[in-house]
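The values are calculated or read from the model by the stated rules, or taken from the named source; none is laboratory data. Please read these numbers as outputs of a predicted model, since none were measured by experiment. Quick reminder, even Gly has a Cβ in these numbers, built from the backbone with ideal geometry, and neighbours come from all protein chains shown.
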């Protein structure tokens, strides 16, 4: 393979990567803003793990997928759920006990890395969804940054600017090649 072919393949690959990065950043920012915080993808909520309470199941800074449930009263022991606390924060812990009182279903939860069970029972109506088993390590730090105003601006502008710079470079290189080819054609004519 010649240097030109390698450069052309590398150049095309870089263009595709920058374009896909720009599209992904737009998705993350728009989805985060539209959902009021956590992005949604194909009906699943993407949650950022902010503490180590569930290690080693998932690490701090990971992204996990949580599937919203139609019936939150059918969960069982060992299911991992995300639920809303009284202070409106979301926690993801494992169910260690299901408690049924009259027509009310409650769950005793515990973080895998915590020694003690959580002090408050979780009402079934406070369950947001169930962990699907899908985790992407470290992306949570990135998603947290993307939700901030600085992050949103940076992640939308940077790939676009890089794509524009790269496009300008490609156009200038193409024009130089064309000029060089025309000059060679004039010399041989």
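Summed over the stretch 113-153, the residues that are modelled with pLDDT of 80 or more and either closer than 13 Å to residue 65 by Cβ or more than 23 Å from the chain's Cα centre (by Cα) (or both) give a count of 23.
Taking residue 109 as the residue in question, decide whether it is at pLDDT 80 or above and touching a strand residue (DSSP E or B) at 6+ places or on another chain (Cβ under 7 Å). Against the criterion (at pLDDT 80 or above and touching a strand residue (DSSP E or B) at 6+ places or on another chain (Cβ under 7 Å)), residue 109 qualifies. Scanning the stretch 77-97 for residues that are more than 19 Å from residue 67 (Cα to Cα) and in contact with a strand residue (DSSP E or B) (Cβ under 6 Å, 6 or more places away or on another chain) yields 96, 97. Looking at 46, 50, just one residue is part of a strand (DSSP E or B), in contact with a helix residue (DSSP H, G or I) (Cβ under 9 Å, 6 or more places away or on another chain) and either at pLDDT below 80 or farther than 15 Å from residue 130 by Cα (or both), and that residue is 46.
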